[in-house]
Amino acid sequence: MTANRLAESLLALSQQEELADLPKDYLLSESEDEGDNDGERKHQKLLEAISSLDGKNRRKLAERSEASLKVSEFNVSSEGSGEKLVLADLLEPVKTSSSLATVKKQLSRVKSKKTVELPLNKEEIERIHREVAFNKTAQVLSKWDPVVLKNRQAEQLVFPLEKEEPAIAPIEHVLSGWKARTPLEQEIFNLLHKNKQPVTDPLLTPVEKASLRAMSLEEAKMRRAELQRARALQSYYEAKARREKKIKSKKYHKVVKKGKAKKALKEFEQLRKVNPAAALEELEKIEKARMMERMSLKHQNSGKWAKSKAIMAKYDLEARQAMQEQLSKNKELTQKLQVASESEEEEGGTEDVEELLVPDVVNEVQMNADGPNPWMLRSCTSDTKEAATQEDPEQLPELEAHGVSENSGSQEVLSELRVLSQKLKENHQSRKQKASSEGTIPQVQREEPAPEEEEPLLLQRPERVQTLEELEELGKEECFQNKELPRPVLEGQQSERTPNNRPDAPKEKKKKEQMIDLQNLLTTQSPSVKSLAVPTIEELEDEEERNHRQMIKEAFAGDDVIRDFLKEKREAVEASKPKDVDLTLPGWGEWGGVGLKPSAKKRRRFLIKAPEGPPRKDKNLPNVIINEKRNIHAAAHQVRVLPYPFTHHWQFERTIQTPIGSTWNTQRAFQKLTTPKVVTKPGHIINPIKAEDVGYRSSSRSDLSVIQRNPKRITTRHKKQLKKCSVD
Amino acid sequence: MKVKMLSRNPDNYVRETKLDLQRVPRNYDPALHPFEVPREYIRALNATKLERVFAKPFLASLDGHRDGVNCLAKHPEKLATVLSGACDGEVRIWNLTQRNCIRTIQAHEGFVRGICTRFCGTSFFTVGDDKTVKQWKMDGPGYGDEEEPLHTILGKTFLLGSCASDRNIVLYDMRQATPLKKVILDMRTNTICWNPMEAFIFTAANEDYNLYTFDMRALDTPVMVHMDHVSAVLDVDYSPTGKEFVSASFDKSIRIFPVDKSRSREVYHTKRMQHVICVKWTSDSKYIMCGSDEMNIRLWKANASEKLGVLTSREKAAKDYNQKLKEKFQHYPHIKRIARHRHLPKSIYSQIQEQRIMKEARRRKEVNRIKHSKPGSVPLVSEKKKHVVAVVK
């Protein structure tokens, strides 16, 4: 059966093959025209396949149909010579039998086994063992790595590493071995026992226990939290009240009072709506307060404060105002009395109260404007400043017009000077801000009116500088006053200004300041500033960029690096230059004394000029200072080579530059900076690090041995631990 | 509206009790405290000088042995108790606080080669040249009893190293029948000591004047070669902190090395101290003991200039600050010179000079050889690798 099926399948296969081959044949036929031959060969093959079906390995003698290379001299084909004879084939009979199957199996088993290898010599075995053992040990040891690394890198190690728990024996244990001996002790114990005070174990009386049971923990916690909150709130309010009470500002108190009055009024309104009776009572209370006030005559001119103010009022505007206010208040109060008496019959007393309670807001505002508030003042002055700077360009032409002819009035001269000074100052400041693009040579500016580009620069000067200058000038103001001259100009300017009820004082101050500035600047304009080689940048720039630059300039107005550097370099050059020797003796050969100097001739004669030194190495390098003199004395104290852990010299310098002493650091920082790396306690034994510290128990060491010696006896516990180890 | 107030709270300036320190308001503006670097430099210089002035490490000498002290052992639980074995087989137990001998045992005939205490401190073991291992009770015998050893039992340690006279170090795992690995050095290793805080690091004291710190897992190159001795190093012991170790040498001195430095930070010697055979660092890391040929045990401070006894908090702060300053300015030439300066016996000093010359000559020769041979034919061997002959697996 099987054979038949096989044959069928094979036939099908061959047919398929034929079909598959066909197209190929066509191709071939086109080229060779040997279609018939091919067909014959195929047929032959098929026949062979069929014939080989009945016997598995029956060799058929190849018929010699055409010349072939395979033909041997014995007419035996060498086609099957590659195949080997299998042992099982010999056994196989024509029919399969069950008895032979077992033998066949055995045979196959024998065949699959290979020859046993030669045993290694003892040395090699041992070496392998050693290597394996070493690797294992190394692996186990690498578990220590993290701990060791941690300890090595630790900022501070305190030995002994493990904290010794102070052995506190519970009181029961202490008491168990103790007995009352003296009469006093016995008495005490008797008392304790009477109260059922437990001596041992849980130190709670039955009553306490009961109470504990009665109140649950939750409840107690909630209650405690509530109490805490209440306490916190109370303390907070107390602190707030204390703080507010301490505030000295009158204005603040006034505002607070006003607020309170408003609030009270509102409340009263509400109360009237809700509860008229209570409102009436309130009203009465207020009335009473007013009456008290009236009786006390606090607001008349009889008080101590009022008297003192009355004396001062002649000279002091503020005092006068305060007095005025008080009087008005007094009047108000007395008026209220009349009004109140009128409205006593009527119901609508509330409006009166309202009038009473509402303070005079209008007055207040005026007070504010005039009041001595420095912030307000400052804003005013800054306003004037701006106005002045805006006016400047307008006045400049005037300067030009009258600048040449000096015969016009002194006012003009003065104004001219003032403007000039303003100009100078601005130049100076703009350079100070950042000596970069816009800074131009002052001489040019002196001659021509302020260029339009400079406007924003001038306007955007930091305001603080101005105020500071003002402050400086304030002091000088009195002594330099020369009222006669600047007045006309001032008046003219006043008219120009927008109508604004600004006080005159700051304006005047400003003018004074300008005057003084002029004097200062004319004398102190240093030649060094002119000599500075200021790097220039093209002026063709976008507005945005300029603005950006401006912002940066303002931000870094304080530090001018280039200037500093140039200054430093100049100083270095000066210092390195050989000095002239002056040998003049004052008073020798002529009159001497305080304030007398040797004559120029003499000085010239006795001055020994130093020879010109060699040219400096950095003469042509504008951005470099080369120190030509190495200080040998200092070098002896300096570190020559960069020390080991540092990779760059600035690291080392920085560590040296940061002081660690308590002179420069706060106590806490000092302590932190000076913590020693290793701390040991005297008298404490430091035990070696333990396996438990690493995270795996010491038993893991025994794992190894167990595996090595008797692998079969690994307990489940060991297995678990092993697993843990492997996971780790 | 926010109103800023000047406020004065008495809590800020009034002391609670008379014993409190006065609160001193300070202005830390750096402009008010100029010249910080020079001032600190001077402080560091002074601290370094004072350290040298107060460096008096020698504390006591315990005499009583009638032959050279061959081995020392610490009590695991009592700091004051020390055991010592001499070359005549005598074992003595000492009390360090009283500085006297508590007990004397004639344990062996010939050398006492080794002593170790049990982990609990109840008994100790001795090994002698008479091929015996004896266990002794730590407390002395009662009145009338005779001094005699208990039985002989071996303790258990799992990983141990041995150093044999065939100039190699062998690592064993006690749980296995085979040794783990063997490293052969130039010359014989006298002792090895494991770092108590770093489980895989050990240091070997070698006959070639050097000490080698190995990582057990990579034996082919030592982690550090410590060289300063001028004669064979006989013993080494780690500080319990694992940061330093002390070595005893045949050149009549002991030296203290930081683990990660190749040069010693301290050298101790006295006129009378001969070849130092054994050395131990006490387990509170404050003291060092050494036993030497001339029958004495000496007690040293581990930090030569440390003040003994209780320090007040201000003293402690000053000490810490000085320490930090010394560390900060240690590279400055003057400070370095003062800190490094040690007075040495003439023999050691001349030996150092001589060896320096020898070393220089050797180096020069090496350089010349490299210079005059084909490039690459003479390999450059680092100092660390030079001393390891082979590693046997």
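The values are calculated or read from the model by the stated rules, or taken from the named source; none is laboratory data. Quantities reported herein were computed from a predicted structural model and do not represent experimental measurements. Cβ atoms come from the backbone with ideal geometry, glycine included; neighbour counts cover every protein chain shown. Areas reflect the complete protein model, heavy atoms only, side chains present, ligands, DNA and RNA absent. Shrake-Rupley method; radii C 1.70, N 1.55, O 1.52, S 1.80 Å.
Show me the chymotrypsin sites (Phe, Trp or Tyr not before Pro) within the stretch A:587-618 that DSSP assigns to loop and that have at most 13 other Cβ atoms within 10 Å of their Cβ.
Working: sites: A:W588, A:W591, A:F606; in loops: A:W588, A:W591.
For chymotrypsin sites (Phe, Trp or Tyr not before Pro) across the stretch A:587-618 that sit outside H, G, I, E and B with at most 13 neighbouring Cβ atoms in 10 Å, the list reads A:W588, A:W591.
Looking at the stretch B:63-142, which GluC sites (Glu not before Pro) are DSSP coil and have at most 16 other C-beta atoms within 10 Å of their C-beta? Don't jump to the answer; show the numbers that get you there.
Numbers: sites: B:E77, B:E90, B:E109; in loops: B:E77, B:E109.
Here the sparse-neighbourhood loop sites are B:E77, B:E109.
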In whole Å, what is the distance between the alpha-carbon centres of the stretch B:1-52 and the stretch A:565-601?
44 Å
Just in the stretch B:19-117: which chymotrypsin sites (Phe, Trp or Tyr not before Pro) are loop by DSSP and have at most 15 other Cβ atoms within 10 Å?
B:Y28, B:F35, B:F54
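Counting only DSSP beta bridges with both residues in the stretch B:261-393, what percent are antiparallel, rounded to the nearest 5?
Values: 10 of 10 bridges.
Of the beta bridges lying entirely in the stretch B:261-393, close to 100 percent run antiparallel.
To the nearest 20 Debye, how big is the dipole of chain B about its Cα centre, given +1 on the beta carbon of each Lys and Arg and -1 on that of each Asp and Glu? Intermediate results must be reported in sequence, preceding the final value.
On the way: 67 positive and 46 negative charges, 473 e Å.
In total the dipole reaches around 2280 debye.
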Label-point separation in nm, A:A167 to A:E267, each point 7 Å along Cα→Cβ
6.8 nm
For A:S576, tell me the accessible area in Å² from a 1.4 Å probe, rounded to the nearest 10.
60 Å²
Based on the Cβ-Cβ distance of A:H649 and A:E123, what FRET efficiency does E = 1/(1 + (r/R0)^6) give at R0 = 60 Å, to the nearest 0.05?
0.55
Pick from B:L219, B:L19, B:L96: which residue has the top mean-square fluctuation in a GNM of chain B where Cα pairs under 10 Å get a spring?
B:L19
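Ignore the peptide's own chain and count Cβ atoms of other chains within 10 Å of each Cβ in B:234-247; give me the average, rounded.
Details: counts 0, 0, 0, 0, 1, 4, 9, 10, 9, 6, 1, 0, 0, 0.
Average per residue, whole number: 3.
Thinking of the stretch B:203-267 as a set of Cα atoms, what percent of all their pairs are more than 18 Å apart? Present the calculation step by step, with values, prior to reporting the outcome.
Values: 541 of 2080 pairs.
Pairs farther apart than 18 Å: 26 percent.
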Would you jot down the residues in the stretch B:180-223 that end up with at least 20 Å² less accessible area in the complete protein assembly than in the chain alone, with a 1.4 Å probe?
B:L180, B:K181, B:P196, B:M197, B:E198, B:A199, B:F200, B:M216, B:R217
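Per residue of B:72-85, count partner chain C-beta atoms within 10 Å of its C-beta, then hand back the mean as an integer. Please list the in-between numbers first.
Details: counts 0, 0, 1, 1, 2, 1, 1, 4, 1, 0, 0, 0, 0, 0.
Mean partner-chain Cβ count within 10 Å for B:72-85: 1.
Average partner chain C-beta neighbours within 10 Å, per residue of A:639-652?
Numbers: counts 6, 2, 1, 1, 3, 1, 0, 1, 0, 0, 0, 0, 0, 1.
Across the residues of A:639-652, the mean count of other-chain Cβ atoms within 10 Å is 1.
Could you give the accessible area per residue of chain B, probe 1.4 Å, as a whole number in Å²?
Details: 21780 Å² over 393 residues.
Dividing the accessible area of chain B by its residue count gives 55 Å².
What shape does the stretch B:240-298 have by the C-alpha gyration tensor, where a ≥ b ≥ c are the square roots of the eigenvalues, rounded means a/c under 1.5, and otherwise prolate means a/b greater than b/c and oblate the rest?
Values: a/c = 2.53, a/b = 1.48, b/c = 1.71.
Because a/c hits 1.5 or more and a/b fails to exceed b/c, the stretch B:240-298 counts as oblate.
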Farthest positive-ward along the stretch A:560-653 dipole, Cα basis, beta-carbon charges - from A:F652, A:W591, A:N620
A:W591
Using 22 Å as the Cα-Cα cut-off, could you pick out the over-long pairs in B:K56/B:K316; A:K163/B:K137; A:K240/B:K4; A:K672/B:K280; A:K569/A:K617?
A:K163/B:K137; A:K672/B:K280
Could you tell me the total accessible area buried at the B-A interface, probe 1.4 Å, in square angstrom to the nearest hundred?
5200 Å²
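How do the peptides B:367-373, B:194-200 rank, highest first, by the average count of neighbouring beta carbon atoms within 10 Å per residue? Write out the running numbers ahead of the final one.
Numbers: B:367-373: 10.4, B:194-200: 21.9.
The densest-packed peptide leads the list: B:194-200, B:367-373.
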Sites A:R224 and A:K246, calculated FRET efficiency, Cβ-Cβ separation with R0 22 Å, nearest 0.05:
0.10
Compute the distance from the alpha-carbon center of the stretch A:235-302 to that of the stretch B:64-117, in whole Å.
93 Å
Shape call for the stretch B:347-386, from the Cα gyration tensor axes a ≥ b ≥ c (a/c under 1.5 means rounded, otherwise prolate when a/b beats b/c, else oblate), comes out oblate
B:T17 label point, 7 Å along Cα→Cβ, cut-off 19 Å on backbone N: hits in the stretch B:314-333?
B:314
What residues in the stretch B:307-333 lose 30 Å² or more of accessible surface when the other protein chains are added to their chain alone (1.4 Å probe)?
B:D320, B:Y321, B:K324, B:K328, B:H331, B:Y332, B:P333
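Quick check on chain B: take the gyration tensor over C-alpha atoms, sort the square-rooted eigenvalues as a ≥ b ≥ c, and tell me if it's rounded (a/c under 1.5), prolate or oblate. Could you put the intermediate results ahead of the total?
Values: a/c = 2.06, a/b = 1.31, b/c = 1.58.
Oblate is the answer for chain B, as a/c is 1.5 or above yet b/c matches or exceeds a/b.
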Interchain or long-range residues, amide H under 5 Å from B:H75's placed H
B:T81, B:L83
